[in-house]
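Each remark here refers to the structure printed beneath this line.
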Amino acid sequence: MIALIQLDGQQLRVDFTRGTPIAIPLDPHGPQPAFFTDSRASATPLQAGDFVGDVRLGGTCNAEIVSFIPQCHGTHTECRGHLTHERLQVHDTIHATPCLARLVSIKPEACGEDGYPRFPKAPLAAALAPHFEAGLKVEAIVVRTLPNDPARMSTAWEHAPPYPVFSEAAMTALAAMPLKHLLVDAPSLDPAHDAGALRIHRLWWCMADNPKPTGMDPARRSVTEMIYVPDALADGLYWLEPGLSPLVAESTPSRPVLYPAEVNE
């Protein structure tokens, strides 16, 4: 299905037959990523009296108790409630409607003093500036790390080399743009062990006295971490379906989908 979408006076052509999920499948019985913990997501048969939720063990049907941490075990979307005393929920806080996104692939620069490579400001700004200058309503940025290693779909990050994070200059620039969603293939915007500062998260939500964007509320932004964007998707414009799970929390599992999009001249 090809759809023509009117977006602030411009027409987009979106190919809904070519959607690509960019979530990492979470298999409690197989390979899986893990961040900030050595524990794995797991699943065990439900047991209630004489009932066991495993046909192989004599049960009449399969029913499992699945245990996992949304922020630690796979693709998840966070709201500002990740940092606040107030128990804000993703579904009540963020802009959850589909929107236009820009996919950009970036090679991180040399490590900072903490050993973490940094995404620089220049390629991010260069990817978005032409669209904003043309008046195109891009509301999300999807960042793919180069080289694009599929091993990150099952990486135990506690025992892996430091992953890339944004430089403060890069995040300050992004936070000043009219963006609602940020999606990254890193397990976190911040270094894993930063004494709880979460500086880059705070910059994104404009909680660090950095400049705020004009015309939108940064408190309603989302962050989606631990995605994986296959090489088959070229950098460019996509229609983003956020794909939130129904789990009500400050971070919820998600399955974002990208659909190829172009401006219809």
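Using the beta-carbon distance between A232 and A151 and R0 = 22 Å, what value does 1/(1 + (r/R0)^6) give for FRET efficiency, to the nearest 0.05?
With R0 = 22 Å, the Cβ-Cβ based efficiency is 0.80.
With θ set to phi - 60° and the Karplus curve 6.51 cos²θ - 1.76 cosθ + 1.60, what are the ³J(HN,Hα) couplings of segment 34-42 in order, to the nearest whole Hz, using x for Gly and Pro?
Couplings: 8, 9, 6, 7, 9, 6, 9, 5, 9 Hz.
Once fully extended, how much extra length lies between A129 and D50, figured as 0.36 nm per residue of separation less the alpha-carbon to alpha-carbon distance?
22.1 nm
Angle check, please: helix 121-133 long axis (alpha carbons) against the longest principal axis of the chain (alpha carbons), in degrees 0 to 90, nearest 10.
70
Straight-line reach from K137: which lysines have Cα under 18 Å away, leaving out those fewer than 8 places along the same chain?
Output for K137: K180, K212.
Where Lys and Arg each count +1 and Asp and Glu each count -1, what net charge lies around P130 among other residues with Cβ under 13 Å from its Cβ?
Computed value for this residue: -1.
How much of the DSSP beta bridge set in segment 58-155 is antiparallel, as a percent to the nearest 5?
Beta bridges within segment 58-155, antiparallel portion: roughly 10 percent.
In the P(r) worked out for segment 132-180, what percent of Cα pairs fall beyond 18 Å? Display every interim value, and only then the final one.
Values: 586 of 1176 pairs.
Of all Cα-Cα pairs in segment 132-180, 50 percent lie more than 18 Å apart.
Let's test the formula: R0 of 45 Å, r as the Cβ-Cβ distance of F16 and H159. What FRET efficiency results, to the nearest 0.05?
Efficiency, from the Cβ-Cβ distance: 0.65.
Please report how far the C-alpha centroid of segment 135-172 lies from that of segment 16-35, rounded to the nearest whole angstrom.
16
Given just the C-alpha atoms of segment 1-119, how large is their convex hull per residue in cubic angstrom?
252
With runs of 4+ DSSP H residues as the only contributors, calculate the mean residue ellipticity of the chain at 222 nm using -39,500 (n - 2.57) per run, divided by the residue total and rounded to the nearest 500.
Calculated at 222 nm, the ellipticity per residue is -3000 deg cm²/dmol.
Counting alpha carbon pairs within less than 8 Å and at least 6 residues apart, what relative contact order, in whole percent, applies to the chain? Could the numbers behind the result be given before it?
Working: 576 pairs, mean separation 76.6, N = 265.
Relative contact order, the chain: 29 percent.
Using the Karplus equation 6.51 cos²θ - 1.76 cosθ + 1.60 (θ = phi - 60°), what ³J(HN,Hα) coupling, rounded to whole Hz, does each residue of segment 196-203 give in order, writing x for Gly and Pro?
x, 5, 6, 4, 6, 4, 5, 5
For A34, what residues show an amide H to amide H distance below 5 Å, using hydrogens built from the backbone and excluding near sequence neighbours?
T155, A156, W157
Mind ordering 135-143, 109-117 by average Cβ neighbours within 10 Å, highest first? Walk me through the intermediate numbers first.
Numbers: 135-143: 19.4, 109-117: 12.4.
For the peptides 135-143, 109-117, the packing ranking is 135-143, 109-117.
Quick check: net charge around S167, other residues with Cβ under 15 Å of its Cβ, Lys/Arg +1 and Asp/Glu -1?
Cβ neighbours under 15 Å give a net charge of -1.
Given a Förster distance of 30 angstrom, what is the FRET efficiency for T214 paired with E113, based on the Cβ-Cβ distance and rounded to 0.05?
The formula returns an efficiency of 0.35 here.
Can you list the lysines whose alpha carbon sits under 17 Å from that of K107, skipping same-chain ones fewer than 8 residues off?
K121
All of the numbers you see were taken from the coordinates with simple rules; none came from a lab. What you are looking at is a predicted structure, and each value in this text was computed from that prediction instead of being measured. Every residue, glycine among them, receives a Cβ derived from its backbone with ideal geometry; neighbour counts consider all protein chains shown.
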